[in-house]
Amino acid sequence: MSWQDQYRLKVCTPAEAVKAVKSGDRIFLTGNCSVPSQILAALVDRAQELKDVEINQALTVGSADYVAPEIDGHLRVNTMFISHNTRKAVQEGRADFTPVLLSEFPLLFKDKILPVNVAFVHLSPPDAHGYCSFGVEVGLSKSPAESAEIIIAEVNEKMPRTLGDTFIHISDIDYIVPVDYELPELAMGGGKPSEKVEKIAKYIADLIPDEATMQMGIGAVPDAVLKHLYDKKDLGIHTELFSDGVIDLVEEGVITNAKKTIHPGKIIAGFILGTKKLYEWVHNNPLIEFLRTEYVNDPFIVSQNHRMVAINSAIEVDLTGQICADSIGTKLYSGVGGQLDFIYGASRSKGGVPIIALPSTAKDFSRIVPTLKTGAGVITTRNHVHYVVTEYGVANLYGKTIRERAQALINVAHPDFTEELTEQARELNYI
C-alpha cells in the first residue's frame, strides 16, 4: 500500500482520534510553540469520560484548559518544566512537577521510566516520500513519540519542514488529523530592553570571543546579547533553542558556524521559540539541523565545541555562588531546563565561557543574597559556577575561595545592598 493510501485511511477528526485514549493512560504532549491544540482541545472535551489520564510535557505555549480545576481527577499534568500556563496548577497541587535535566527529559520516555501509551504530536505535511517533519519542536518530542504505543498527529499546513533528525513516516502514525492554523508566536525580544538588561548584555558580549559557539537560554538577557555581537567574527550556534535574533546575525555574516569544532557550517538546535518570520526562515533551510535534546544538551557533546559560551539566567545567587533558577523559596516556578547541561558543558570546553546573568534586584530586593531562601532549588552548584553578571559588572568565581567569591558578588550587587551584604558576609564568616 502506498503512503498516500495509508494517509487517507488514517485521517480522522480530533474527536475520533482522542477516542484512542483510555482511563489510566499516560500521554506525551509535544510542547513549546508546537502544542497540537485541536487534539488537546478534543481531549479536554472528552475529559469527563476519562479518569486518571496523565499528560507528560515540558514547557507549553497556549491554552491552559487542560489544567483547569474542573478537570482534576480526569486529566492530570506532570510537567518537567513549569510554564506560565501550568504554574498556578502546580503551585496549588493540581498538577505535578518532575525535576529532570533537559538532556535527560527524552530518556525518561525512551528508557520506559515513564512508558507512553499515546503521543500527541504536531507535524509538517508529508514530503514526496511520505515523511513528515516535527517542525519547530524536535528535540524534546522525537524520542518520546517513537516510544509511544499510539501516535496521534496533527498535520499542519503551516508547520515548517525543518531538517536534521526531524522526520517520521506516515506508516508510523496511527491517527492523522489534518489542520491548517498559524503556530503560536513567542517574541523573545519583544520591545526595547530595559537599561539593566542592556548593561548586562554589554558585559556578556565583552566575554564572548571571536569564533565562539553559543547557547542562549530563555529570557530577555540572552536575546539582548545578540544585538551586541555585530563586531564579532565567525560565531557558531549549538543550543537547545534559539529565536528571531539569530536571523540578522546570520545574514550579516557574524554567525557563520565555520569555526565550530563539531557540526561545522551548521546551526544545531532542539527547538525554536519565535515568530512567523523565524518559522518561515527555518523552513527547508539546510543551514539548520534540529537534533534530539538528549544529544544537543549532553554536556559531553557540548564540551566538544571549542570556546563554548553558555548564557543562562537566575532567580537569586548566594554569596558562595549557588544558583537558584527554578523556585522562589519553596514555591516551584520553572525548572532546570538546559542550564546545568550547558554550564557544565561550556566549563569543560577549551576556552569555554559559562555565564549566569541576572539583574541585581527584583522589585526592592537584592537578588544576590547571603543565603538562598529556605527551600530554594540549586540548579548550578557553587562547584560549577564561573561567571555571574549583573548590570554592575562581572564576578568570576571559578577557582576562588568563599571569601573571594563573597567579595566579588558584593561588588556586582546593587549599591543599596552593599553594606548590608558585607555585614551579613562577616556574620557568616565568609569575609
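Every read-out reported here was derived from the displayed coordinates using simple, explicitly stated rules and does not represent laboratory data. Small disclaimer: the values here were computed from a predicted structure and weren't measured. All Cβ positions, even for glycine, are placed from backbone atoms using ideal geometry, and neighbour counts span all protein chains on display.
What ratio of Cα Rg to 2.2 N^0.38 Å holds for the stretch 256-396? It would help to have the intermediate numbers written out before the result.
On the way: Rg = 16.8 Å, N = 141, 2.2 N^0.38 = 14.4 Å.
The reported ratio for this selection is 1.16.
Report the net charge of residues surrounding V296, where surrounding means a beta-carbon distance below 14 angstrom and charges are Lys +1, Arg +1, Asp -1, Glu -1.
Working: positive: K142, K260, K266, R292; negative: E104, E137, D165, E240, E289, E294, D298, D341.
Around V296, the charge tally is -4.
If you rank Y131, Y66, Y387 by fewest surrounding Cβ atoms within 10 Å, what's the result? It would help to have the intermediate numbers written out before the result.
On the way: Y131 18, Y66 27, Y387 22.
Listed from fewest to most nearby Cβ atoms, that is Y131, Y387, Y66.
Given that compact globular proteins tend to follow 2.2 N^0.38 Å, what is the ratio of the alpha-carbon Rg of the stretch 3-179 to that value?
Details: Rg = 15.2 Å, N = 177, 2.2 N^0.38 = 15.7 Å.
Compared with the compact-globule rule of thumb, the stretch 3-179 sits at 0.96.
Shape call for the stretch 199-299 from the C-alpha gyration tensor, a ≥ b ≥ c root eigenvalues: rounded (a/c under 1.5), prolate (a/b greater than b/c) or oblate? It would help to have the intermediate numbers written out before the result.
Values: a/c = 1.35, a/b = 1.24, b/c = 1.09.
In terms of gyration-tensor shape, rounded.
In a shell of Cβ-Cβ distance under 13 Å around T261, excluding T261 itself, what net charge do Lys and Arg (+1) and Asp and Glu (-1) give? Intermediate results must be reported in sequence, preceding the final value.
On the way: positive: K259, K260, K266, R307, R348, K350; negative: E211, D234.
Neighbour charge sum, excluding T261 itself: +4.
Using Cβ contacts closer than 10 Å as the measure, can you line up T401, T162 from fewest to most? Write down the numbers at each step before the final one.
Values: T401 10, T162 25.
By the 10 Å Cβ count, ascending, the order reads T401, T162.
Set the bar at 26 Å for Cα to Cα. Now go through K276/K363; K142/K259; K196/K276; K277/K331; K112/K331; K227/K259 and name every pair that lies beyond it. All intermediate terms of the calculation are to be shown ahead of the outcome.
Numbers: K276/K363 33 Å; K142/K259 29 Å; K196/K276 28 Å; K277/K331 36 Å; K112/K331 29 Å; K227/K259 21 Å.
Pairs exceeding the cut-off: K276/K363; K142/K259; K196/K276; K277/K331; K112/K331.
For the stretch 255-273 and the stretch 191-240, compute the distance between their C-alpha centroids and round to whole Å.
Here the two parts' Cα centres lie 16 Å apart.
Would you grab the residues whose amide H sits under 5 Å from the one on E316? Only those 5+ places off in sequence or on another chain, please, with H modelled 1.01 Å from N.
Those lying under 5 Å, H to H, from E316 are C324.
Roughly how many Å is it from the Cα centre of the stretch 321-350 to that of the stretch 1-36, as a whole number?
34
Using the Karplus equation 6.51 cos²θ - 1.76 cosθ + 1.60 (θ = phi - 60°), what ³J(HN,Hα) coupling, rounded to whole Hz, does each residue of the stretch 394-399 give in order, writing x for Gly and Pro?
For the stretch 394-399, the Karplus-derived couplings read 10, 10, 9, 9, 5, x Hz, x marking Gly and Pro.
Over the chain, what is the relative contact order in percent, taking alpha-carbon pairs closer than 8 angstrom and at least six residues apart? Present the calculation step by step, with values, prior to reporting the outcome.
On the way: 1091 pairs, mean separation 58.0, N = 431.
13 percent.
Given Cα pairs under 8 Å that are at least 6 residues apart, what percent is the relative contact order of the stretch 265-348?
Values: 82 pairs, mean separation 23.7, N = 84.
Relative CO of the stretch 265-348 lands at 28 percent.
Based only on other Cβ atoms within 10 Å, what is the fewest-to-most ordering of T374, T361, T293?
Working: T374 7, T361 17, T293 29.
Taking fewest neighbouring Cβ atoms as first place, the list is T374, T361, T293.
For the stretch 98-246, what size does the Cα cloud have along each of its three principal axes, sorted from largest down, in whole Å?
Result for the stretch 98-246: principal-axis Cα extents of 51, 34, 28 Å.
Would you mind calculating the relative contact order of the stretch 195-427 from Cα pairs under 8 angstrom and at least 6 residues apart, reporting the percent as a whole number?
Numbers: 531 pairs, mean separation 43.7, N = 233.
Computed over the stretch 195-427, the figure is 19 percent.
Determine the sum of side-chain charges near G130: Lys and Arg each +1, Asp and Glu each -1, restricted to other residues whose C-beta is under 11 angstrom from that of G130.
Computed value for this residue: -3.
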